[in-house]
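Colleague: Next up is a structure, given as structure tokens.
No lab work stands behind these numbers, since they all come straight from the coordinates. Predicted model, so just to flag it, every value in this text is computed and none were measured.
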Amino acid sequence: MTNEITLAKQQFSDVLDTAGIRILSYVPERVTPPIVIVNSGSPYLTADSIDNEFILSLELVCIAATATNKQASEKLDELIQDVIGALPQYAKLGSVGQPYLWATNNAEYLTSSISVDLRITL
């Protein structure tokens, strides 16, 4: 049986996947953009009520496809817009971070992180 935290992240990922966004809950050995990688946010989990309601914070690392600088910026903006448009009602957009270069596998990709909060019950 899967725990509620893992289940909530999987269900959230499934919603974005259904919207046509390539999403992974781990950093793959080889990154093939465009892709969104789900990381834990900070704080990871906070109480939302006196009962068993919590806020689960996630960081969505949005990695744009390789292209010229101008095209990469446009592709990253498009990916960010697609992710925001696909957020389910139980997800609250926190913020979208400044674009930066993310280096992996001897390549650099234009990237931006989106903070999202999910309301879950444990």
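Colleague: Assuming 0.36 nm per residue, please report the length gained on full extension of the stretch R30 to T121 beyond their Cα-Cα distance.
Modeller: In short, 29.3 nm is gained.
Colleague: With springs only between Cα atoms under 10 Å apart, run a GNM on the chain and tell me which of V27, V61, V83 wobbles the most.
Modeller: For the chain, modelled as a Gaussian network with Cα springs under 10 Å, the answer is V27.
Colleague: Same structure, new question: Compute the helix-to-body angle for 4-18: its Cα long axis versus the longest principal axis of the chain, expressed 0 to 90° and rounded to tens.
Modeller: Approximately 40 degrees, to the nearest ten.
Colleague: Using only the alpha-carbon atoms, how far is helix 69-86 inclined from the longest principal axis of the chain? Give it as 0 to 90 degrees, nearest 10.
Modeller: The helix 69-86 is inclined about 20 degrees to the chain.
Colleague: Then there is this: May I ask you to list the lysines whose Cα is less than 23 Å away from that of K9, ignoring any residue fewer than eight positions away on the same chain?
Modeller: Cα-Cα hits under 23 Å: K92.
Colleague: Show the residues, 5+ positions off or on another chain, whose built amide H is closer than 5 Å to the amide H of T104.
Modeller: Y109
Colleague: Would you please classify the overall shape of region 4-121 from the alpha carbon gyration tensor, given that a ≥ b ≥ c denote the square roots of the eigenvalues, rounded means a/c under 1.5, and beyond that prolate means a/b larger than b/c while oblate covers the rest?
Modeller: prolate
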